[in-house]
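Below is one structure, written out as C-alpha cells; the observations come after it.
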Amino acid sequence: MTIAKEKIRFGFTVSKDRQIDFDANSKSIALQVAEAEPSINLCISCGTCAATCTAAQFTDFSLRRIILLVRRGETTGLENDIARCMLCGKCQLVCPRGLSTRNIILQIHKALKTIES
Ligand code: SF4
Ligand code: SF4
C-alpha cells in the first residue's frame, strides 16, 4: 500500500506549511495604512470586532484577521475579502483599543488600489 493510501486509511494528512517569512513579505501596505491611520498599530488581535461584525455573522469575514494579514505583509486576495465590509461601524464601537476601524478599512482599500495601479 502506498504512503498516500496509508494516510487516507488512518484519516489524517500532513497540513500545508504555514510558516511566515516576514523578510520576504512586503510591508508597504501596512506602512501606508499606518501613516494615514496610526491606530492600526494599537490592535491586540482580541477579536471583539469580529465577534460583533455583521458581515462575519454571514461569511468568514474577520477584521481581526485582515489587520493581522496586513501587518504581516500577506495581502494577496485581500481586496475581495475587504469588499464584504459594509462600513457599519459596529466594530469601532466595541474595539477596546479605540481603533478607527472604518478608516483602517478604507485606508487598506486605498493602499491595495495604489499597489494595483
Ligand atoms: S476589537 Fe480592536 S483591538 Fe480587538 S482585534 Fe478588533 S481592531 Fe484589534
Ligand atoms: S464596519 Fe465592517 S468590519 Fe466593522 S462591524 Fe461593520 S461590517 Fe464588520
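The values are calculated or read from the model by the stated rules, or taken from the named source; none is laboratory data. Small disclaimer: the values here were computed from a predicted structure and weren't measured. Using ideal geometry, Cβ is built from the backbone for each residue, glycine included, and neighbour counts are taken over all protein chains shown.
Condition first: farther than 22 Å from K27 by Cα and touching a Leu at 6+ places or on another chain (Cβ under 9 Å). Now tell me which residues in the stretch 48-66 satisfy that.
Matches in the stretch 48-66: C49, A50, T52, C53, A55, A56.
Tell me yes or no: at least one residue of the stretch 8-21 is small (G, A, S) and modelled with pLDDT under 95.
Yes, the stretch 8-21 has at least one match.
Anything in the stretch 67-86 that is over 19 Å from A24 (Cα atoms) and surrounded by fewer than 13 Cβ atoms within 10 Å (Cβ to Cβ)? List them, or say none.
Scanning the stretch 67-86 gives N80, A83, M86.
Within the stretch 69-111, can you find the residues that are more than 15 Å from E37 (Cα to Cα) and in a helix (DSSP H, G or I)?
Passing the criteria: L69, R72, L78, E79, N80, D81, I82, K90, C91, L93, V94.
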